[in-house]
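Okay, so here's the structure we're looking at.
Read the figures in this text as sums done on the coordinates, not as results from a lab. Since the model is a prediction, treat every value here as computed from it, not as a measurement. Glycine gets a Cβ as well: all are built from the backbone with ideal geometry, and neighbour counts include every protein chain shown.
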Amino acid sequence: MEPQAAASFIDQIHNLINLLNGPLWTWLVPLLLGTGLFFTLRSGFVQVRLFRDSVRAMFGSRTQGDDEHGHGITSFQAFATGLASRVGTGNIAGVAIAIATGGPGAVFWMWITALLGMSSAFAESSLAQLFKVRDHGNRQFRGGPAYYITQGMGQKWMGVLFAISLIFCFGFAFNAIQANTIIEAVKSSTGCVEAEDVCQQGWMVYKHVGGAILIILSAPIIFGGIRRVARFAEAVVPVMAALYLLMACYVVLANLGAVPAVFGMIFDSAFTLDAAGGGLLGGMVS
């Protein structure tokens, strides 16, 4: 495909996503927050009440799969797989978008979104366990929203629609955000920041090379199935998360004197519509 044709195709995909994404934000954000609040109250603050039990279950199942024969993945592997999409690129892009959109007060609403989202995640995970089915070909389990929508609600058409939507979301949008965040972070670390910098032209080539490298590195893991993904995440994510936290701690300690002022800015500007919108937007991205 010619470069101009490729750029035109990308622009068409971008415009289509924006066309569909715009109306969704008018009702999706309050719906998600309302759902999180409902599950939080209905479950008696399950994210706090069962936090210790969740940590014990997570670290207590590192050597045994989901049955006595070791089929499936462990609780820790499931945790690591989920954490892989949240630590790093998600946090960098999410926080940056939140602050750029809503100012320092957006961080407060990201905290609220995360707190309420824990109860929604607990409900989703419980439903996925309840309605999962075993694949007799490889003895592994299959489950998720498409399955509990189909079996729990009896709405197969809705489950199929969800599955198709998820394929398009992760195939054309979510992975693009992750790859773009990685490339932009690397580019910024080289000092290529300003739009008028000469280096920007070179990065038009470098970013495609970087994308190709990401594909080459991730393809063998993805095509190995959920168990290979889980094993890779189990080995890499703890190291990645530890390094991420150490870097965050270093930044905080290096600027310890500014921490009180930072919290003051967050709470002083938190209770505005712009801050709430930015925080919710950043929370969804991360």
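From least to most packed, judged by other beta carbons within 10 angstrom and beginning with the fewest, Trp203, Trp111 follow the order Trp111, Trp203. Taking Cβ separations below 4.7 Å as the criterion for a possible disulfide partner, the isolated cysteines in the chain are Cys169, Cys249. Bridgeable lysines around Lys156 (alpha carbons under 21 Å apart, same-chain partners fewer than 8 residues away excluded): Lys132. Within the straight-line cut-off of under 29 Å between alpha carbons, the lysines reachable from Lys187 are Lys207, sequence neighbours fewer than 8 places apart in one chain being disregarded. Of Gly82, Gly94, Gly137, the residue with the greatest mean-square motion in the GNM of the chain, using alpha carbon springs below 10 Å, is Gly137. From the largest down, region 192-286 spans 48, 40, 31 angstrom on the principal axes of its Cα atoms. For the chain, what are the DSSP H helices with axial Cα length of 24 Å or more and mean Kyte-Doolittle hydropathy of at least -1.0? Helices meeting the span and hydropathy rule in the chain are 3-42, 106-130, 199-222, 225-254.
The Stokes-Einstein estimate for region 131-256, based on a Kirkwood radius over Cα pairs and taken at 37 °C with 0.692 mPa s viscosity, is a diffusion coefficient of 178 µm²/s. Think of region 3-285 as having a plus end and a minus end, set by charges on the Cβ of Lys, Arg, Asp and Glu; of Asn180, Gly102, Phe76, Phe76 sits farthest toward the positive end of this dipole. For region 133-207, the convex hull spanned by the alpha carbon atoms encloses 148 Å³ per residue. Between Leu245 and Met265, the contour length at 0.36 nm per residue exceeds the Cα-Cα span by 4.9 nm.
Where only DSSP H runs of four or more residues are counted, the chain gives -25000 deg cm²/dmol as its mean residue ellipticity at 222 nm, each run worth -39500 (n - 2.57). The fraction of all Cα pairs in region 3-285 landing in successive 10 Å bins from 0 to the largest distance is 5, 20, 34, 28, 11, 2, 0, given as whole percents. Would you mind classifying region 153-192 by shape? Square roots of the alpha carbon gyration tensor eigenvalues, ordered a ≥ b ≥ c; an a/c under 1.5 is rounded, otherwise it is prolate if a/b is larger than b/c and oblate if not. Prolate, because a/c is 1.5 or more and a/b exceeds b/c. If the Kirkwood radius is taken over C-alpha pairs of region 70-169, then at 25 °C and 0.890 mPa s the Stokes-Einstein diffusion coefficient equals 153 µm²/s. Neighbours of Ala100, meaning other residues whose beta-carbon lies under 15 angstrom from its beta-carbon, give a summed charge of -2 when Lys and Arg score +1 and Asp and Glu score -1. Between region 79-153 and region 167-195, the C-alpha centres lie 21 angstrom from each other.
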